[in-house]
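Notes follow the structure.
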Amino acid sequence: MPLTRPAAKSAHASTRESRALHKGQQTKAAIVDAALGLAAHAGLEGLSIGALADATGMSKSGVFAHFGSREELQISVVREYHHRFEQEVFYPAMQQERGLARLRALFDNWMQRTSTELDSGCIYIGGAVEFDDRPGPVRDALVDSVRIWLAAVRRAIVQCCESGQLRAGTNADQMLFEIHGLILALHYEARFLRTPGSIARAHTGFDNILARYGA
């Protein structure tokens, strides 16, 4: 009998620890969510422990305890942004058949995401401006995320070539460069210059690219 009592206590303690861990994860997720909102408007450099404490109703020490440094907070925001980007842009496009249908879905979803960010800001684009010449872990996290995404688009282009939907000899890197350029131009024209019709022009630009490279 005495042998069973410590086991019962241990199980109870384990349950408490699991609940505490879950609560800690929820709190950290809520902080990152608030940080994403702040970073969209003020940039990654605009993030501060104090601002997040105000936004979440927590103490500065409480926020700091979940990250340990401002840099780690910024990296967590980049990773969460990348995760949401994948959920909204990449994975839905993967439901389409390989080839032009999937490539077009990737671009359309990318355009939709960019369009919704015109009033706030894209962490990939804004982060490139903030960290283009500042080496370090935050820049590395941004670069890795963007490269992963561009590699996915390039892979879709290559699959179009393999299926014969783009002409033989198509330079995947060049085509990717031109497609990426449409998104960057859209962000600049629509967000910075407020040029009417920018979204429609980006769609037309994509159609023109497909026409030029089409089989």
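Worth a mention:
- Extreme residue, farthest from Ile179 (Cα to Cα), among residues of the stretch 67-113 that are among the polar types (S, T, N, Q) and part of a loop (DSSP other than H, G, I, E, B): Ser69
- Residues in the stretch 45-64 that are closer than 27 Å to Val143 by Cα, open to solvent by 20 Å² or more (accessible area, probe 1.4 Å) and hydrophobic (A, V, I, L, M, F, W, C): 3 in all.
- Residues in the stretch 200-215 that are open to solvent by 60 Å² or more (accessible area, probe 1.4 Å) and not β-branched (Val, Ile, Thr): Ala200, Arg201, His203, Asp207, Asn208, Ala211, Arg212, Ala215.
- Filter result for Ile148 (part of a helix (DSSP H, G or I), under 21 Å from His41 (Cβ atoms) and in contact (Cβ under 8 Å) with a residue 40 or more places away in the chain): no
- Residue check for His203: in a helix (DSSP H, G or I), in contact with a Leu (Cβ under 7 Å, 6 or more places away or on another chain) and under 24 Å from Phe85 (Cβ atoms): no
- In the stretch 50-83, the residues that are of a type in the set (Lys, Arg) and either over 27 Å from Pro135 (Cα atoms) or free of Cβ contacts under 8 Å to residues at least 12 places away in the same chain (or both): Lys60
The values are calculated or read from the model by the stated rules, or taken from the named source; none is laboratory data. Not measured: the values here are computed from a predicted model. Glycine also receives a Cβ, built like all others from the backbone with ideal geometry; neighbour counts cover every protein chain displayed. When the accessible area is computed, the model is the full protein with side chains, heavy atoms only, and any ligands, DNA or RNA have been set aside. Shrake-Rupley method; radii C 1.70, N 1.55, O 1.52, S 1.80 Å.
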